[in-house]
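The structure under discussion appears below in the form of structure tokens.
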Amino acid sequence: QVQLVESGGGLVQAGGSLRLSCAASGSIGSIRAMGWYRQTPGKERDWLATIDKDGRTKYADSVKGRFTLSRDNAKKTVYLQMSSLKPEDTAAYYCNANIRPKYVTGYRDYWGQGTQVTVSS
């Protein structure tokens with residue numbers, strides 16, 4: 001069974017920084033892209049950033065220049081460094097990874113349980 005476990009959320013003042021982590025565990029064959037999304041109540045989940053297995057990144061315009069995505073393949077972990085946080089960044093943040101479990105031929109998307117980030121003004 002494959003799991004994604006996020007950590008690092010919390011309360012921070014506007015202009016501050018937080019780092020989120022997401023570790024994949026379980027019976028994993030290989031991992032392709034990993035990334036982060038966020039969601040506020042009553043709204044759709046929005047894509048924020050993606051990193052492929054070679055470290056190439058893509059960012060949504062809303063976070064470009066403020067958020068940095070990195071990855072440790074040996075630890076099967078992805079990190080989201082968030083800086084210059086704004087109250088509008090307040091949301092539940094979800095990790096996503098495209099994983100092929102061991103003994104399975106295909107890849108599928110997995111999601112973490114979410115971690116809350118609250119930015120006070």
Per residue value of the accessible surface for the chain (all protein chains in place, 1.4 Å probe), Å²: 55
Anchor Lys64: aspartates and glutamates whose Cα lies under 19 Å away (excluding residues fewer than 8 positions away in-chain): Asp46, Asp52, Glu88, Asp89
With DNA, RNA and ligands ignored, accessible area of Ile31 (1.4 Å probe; Å², nearest 10): 20
Mean projection area, nm², convex hull over Cα of region 30-96: 4.7
Portion, in percent, of the accessible area of the chain that falls on carbon or sulfur, probe 1.4 Å: 46
Cross-link reach list, lysines versus Lys58, counting only Cα pairs under 22 Å and skipping chain neighbours closer than eight places: Lys75, Lys76, Lys86
Highest-fluctuation residue, Val12, Val63, Val104 considered, GNM on the chain with Cα pairs under 10 Å: Val104
Cα-derived Rg to Rh of the chain, Kirkwood definition: 0.98
Sparse-neighbourhood loop sites, trypsin sites (Lys or Arg not before Pro) in region 1-107 - DSSP loop, at most 16 other Cβ within 10 angstrom: Lys43, Arg45, Lys53, Arg56, Lys64, Arg66, Lys75, Lys102
Charged-residue dipole, Cβ positions (Lys, Arg, Asp, Glu), the chain about Cα centre, Debye nearest 20: 340
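The values are calculated or read from the model by the stated rules, or taken from the named source; none is laboratory data. Everything quoted here is computed from the prediction, not taken from an experiment. Every residue, glycine as well, gets a Cβ built from its backbone with ideal geometry; the counts of neighbours run over all protein chains shown. Accessible surface is based on the protein model in full, side chains and every heavy atom, while ligands, DNA and RNA are left aside. Shrake-Rupley method; radii C 1.70, N 1.55, O 1.52, S 1.80 Å.
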